[in-house]
Amino acid sequence: VDDSFIFFVQDSIGNVKLQLAKLKHAVGETTTALNLIENNIPASIFQMNDAELDSYVSKMTRDGNIALESKETLSRRILQSTEWLVSGGLRSGSEIKSRYHTVLKLAPKWERAHFHFGKYIESLLETRFSALSELGNNASRLMVLQNDKSCQEYSLESVSHFGRSLQLGQKHLFQALPRLLAMWLEFTSIESADKNASLEENQAQMNSLIKSFAEKIPEHLFYTALPQLLSCVIHQNDETAKNVALILTSVLAKYPGQAMWSCGWLRYSKSKEKNEVAEKIFVGAQRILQKQGND
């Protein structure tokens with residue numbers, strides 16, 4: 001029998017287990033579903049480095065020639081079981097993070113994995129906010145974010161994975177992009193009265209991430225968030241304001257006919273600051289279009 005056919009059969013078994021597990025989970029048999037989907041996956045896999053994972057995935061079944069299943073099938077099984085564990089609160093935060101890291105080592109360019117990891121990290125952020133915020137209002141939230149390094153790291157990590165997911169696809173656009181923008185704009189709006197070096201460093205890192213995403217995430221995705229971006233053209237953080245203008249300039253240059261009407265009101269705003277920003281955005285878009293025309 002051809003080796004490729006045997007591999008196909010082995011890999012298909014993993015897919016069948018996944019679909020059967022989904023059926024069991026749908027009828028409320030979570031334990032059975034988890035047992036099915038994680039059958040033959042050792043707990044040690046979640047502590048493996050890249051080289052160890054590669055060795056595990058290429059584990060042989062006959063004469064050292066045929067792999068048990070593909071990385072894609074294995075990562076799908078682990079991600080699905082991880083999502084069920086998260087929804088059921090059946091594992092600790094560190095265990096869940098190890099699972100997501102393993103999935104992304106197996107499938108680093110999987111949009112869904114980055115999105116769900118970003119969403120999970122954001123849930124950890126919100127849980128920490130709840131635990132540390134006494135008043136539960138926005139001022140208290142910003143104070144926690146200003147002083148708590150874990151919250152700052154969660155914000156960075158969540159935004160990083162949301163941004164990566166948007167680079168890879170748009171299936172989760174209307175969940176990932178609004179959250180990415182909101183977390184970025186909130187985090188960089190904090191002003192430290194006592195020159196908090198850690199906060200300033202993390203804010204700079206956040207803006208560096210966003211600048212990178214502005215160049216890599218397609219303009220038509222940002223176009224869907226124009227109202228959110230336009231509402232923040234004036235921002236406490238200078239680098240954030242520059243990034244907002246950079247994104248708006250790119251969108252306007254890419255879709256001048258559509259974006260002009262949304263961006264145009266800035267030019268007629270009663271705010272002198274907004275007028276100046278609008279002028280820079282329109283001039284920047286014009287330069288991009290002229291350069292493209294010359295090329």
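Has the range 176-185 got at least one residue that is touching an Asp or Glu at 6+ places or on another chain (Cβ under 7 Å), open to solvent by 20 Å² or more (accessible area, probe 1.4 Å) and either outside any helix (DSSP H, G or I) or charged (D, E, K, R) (or both)? Checked the range 176-185: at least one residue is touching an Asp or Glu at 6+ places or on another chain (Cβ under 7 Å), open to solvent by 20 Å² or more (accessible area, probe 1.4 Å) and either outside any helix (DSSP H, G or I) or charged (D, E, K, R) (or both). Taking residues in the range 72-85 that are among the aromatic types (Phe, Trp, Tyr), and partners anywhere that are open to solvent by less than 10 Å² (accessible area, probe 1.4 Å), the pairs with Cβ atoms closer than 9 Å and at least 6 places apart or on different chains are 84/21; 84/33; 84/37.
Within the range 186-203, the only residue that satisfies the criterion of being in a loop (DSSP other than H, G, I, E, B), touching a Ser or Thr at 6+ places or on another chain (Cβ under 8 Å) and open to solvent by 20 Å² or more (accessible area, probe 1.4 Å) is 189.
The test for being over 30 Å from the mean Cα position of the chain (by Cα) and surrounded by fewer than 17 Cβ atoms within 10 Å (Cβ to Cβ) holds for residue 286. Close contacts from the range 181-202, counting a first residue that is among the small types (Gly, Ala, Ser) and a second that is part of a loop (DSSP other than H, G, I, E, B), with Cβ to Cβ under 7 Å and a gap of 6+ residues or different chains, come to 189/235; 189/236; 189/237. Residues that are open to solvent by less than 10 Å² (accessible area, probe 1.4 Å) and farther than 21 Å from residue 128 by Cα within the range 147-172 comprise 163, 165, 166, listed in sequence order. For the range 110-132, state whether one or more residues are of a type in the set (D, E, K, R), at negative phi and outside any helix (DSSP H, G or I). No: the range 110-132 contains no residue that is of a type in the set (D, E, K, R), at negative phi and outside any helix (DSSP H, G or I).
The values are calculated or read from the model by the stated rules, or taken from the named source; none is laboratory data. These numbers were taken from a predicted model, which means no experiment stands behind them. Don't worry about glycine lacking a Cβ; one is built from the backbone with ideal geometry, like all the others, and counts go over all protein chains shown. Ligands, DNA and RNA are stripped out before the accessible areas are found, and what is left, the full protein with its side chains, is counted by its heavy atoms. Shrake-Rupley method; radii C 1.70, N 1.55, O 1.52, S 1.80 Å.
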